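The values are calculated or read from the model by the stated rules, or taken from the named source; none is laboratory data. Owing to the predicted nature of the structure, the values given are computational and were not obtained by experimental measurement. Using ideal geometry, Cβ is built from the backbone for each residue, glycine included, and neighbour counts are taken over all protein chains shown. All accessible areas refer to the heavy atoms of the entire protein, side chains included, with ligands and DNA or RNA removed. Shrake-Rupley method; radii C 1.70, N 1.55, O 1.52, S 1.80 Å.
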Amino acid sequence: MKKMKYFLTAMICVLMLSLGIVSYGKTNESASTSTAMDYTSQFVGTWEADFSDFPVYADQGITGVAGSEFKEDGTLITYLDGEQADTFGYFVYKNYYVAVGEDGSAEVTQYKFSDDGKSLEFSDLDGNWMLTYTKTK
């Protein structure tokens, strides 16, 4: 069963990457034209999560404030306690979020926004909560 889960995750990544590659470079479309891959606009901005707000992390000794700056061009810059930690590429498709590291590794999670769009919750592919961010900018 675990092998099937990893296989399905890999297939979703390949499908989403290929859809992103196919749509990449289409610059002659108007900026207001929506495509199947146009789910990123809600992400753009700066988000923060204070690990001390979540007992599951505090119990593990994980503290600090995680920041994520999502840019319109699909770049994600992460921060921990104000210091830049990492840079990723990202894209979203429906309720799946994919972060791609500089080494090509990818992590797929599910996401959902609060009704007011001010919080962003991530969960694993089984639906188990991972972290909730609050929009700051």
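Residue pairs whose Cβ atoms lie under 7 Å apart, sitting 6 or more positions apart in sequence or on different chains, and linking a residue in the stretch 41-63 that is aliphatic (A, V, I, L, M) to a partner that is open to solvent by less than 40 Å² (accessible area, probe 1.4 Å), are V44/F70; A49/A66; A49/L131; A49/T132; A49/Y133; A58/F51; I62/F51. Being modelled with pLDDT of 85 or more and either surrounded by fewer than 15 Cβ atoms within 10 Å (Cβ to Cβ) or among the β-branched types (V, I, T) (or both), is that true of even one residue in the stretch 19-41? No.
Does F70 meet the test of being open to solvent by less than 40 Å² (accessible area, probe 1.4 Å), touching a strand residue (DSSP E or B) at 6+ places or on another chain (Cβ under 7 Å), of a type outside the set (D, E, K, R) and farther than 21 Å from E48 by Cβ? No: the conditions fail for F70.
Of the residues making up the stretch 51-61, none is closer than 22 Å to L125 by Cα, open to solvent by less than 60 Å² (accessible area, probe 1.4 Å), at pLDDT below 80 and not aliphatic (A, V, I, L, M).
Across the stretch 108-120, the number of residues qualifying as surrounded by 15 or more Cβ atoms within 10 Å (Cβ to Cβ) and without any contact (Cβ under 8 Å) to a residue 40 or more places away in the chain comes to 4.
Which residues, taken from the stretch 73-107, are more than 13 Å from the chain's Cα centre (by Cα) and either touching a residue at least 24 places away in the same chain (Cβ under 8 Å) or not in a strand (DSSP E or B) (or both)? Quick ask: steps written out before the conclusion?
To start, the set of residues in the stretch 73-107 that are more than 13 Å from the chain's Cα centre (by Cα) comprises 73, 79-86, 102-105.
Across the stretch 73-107, the qualifying residues are D73, D81, G82, E102, D103, G104, S105.
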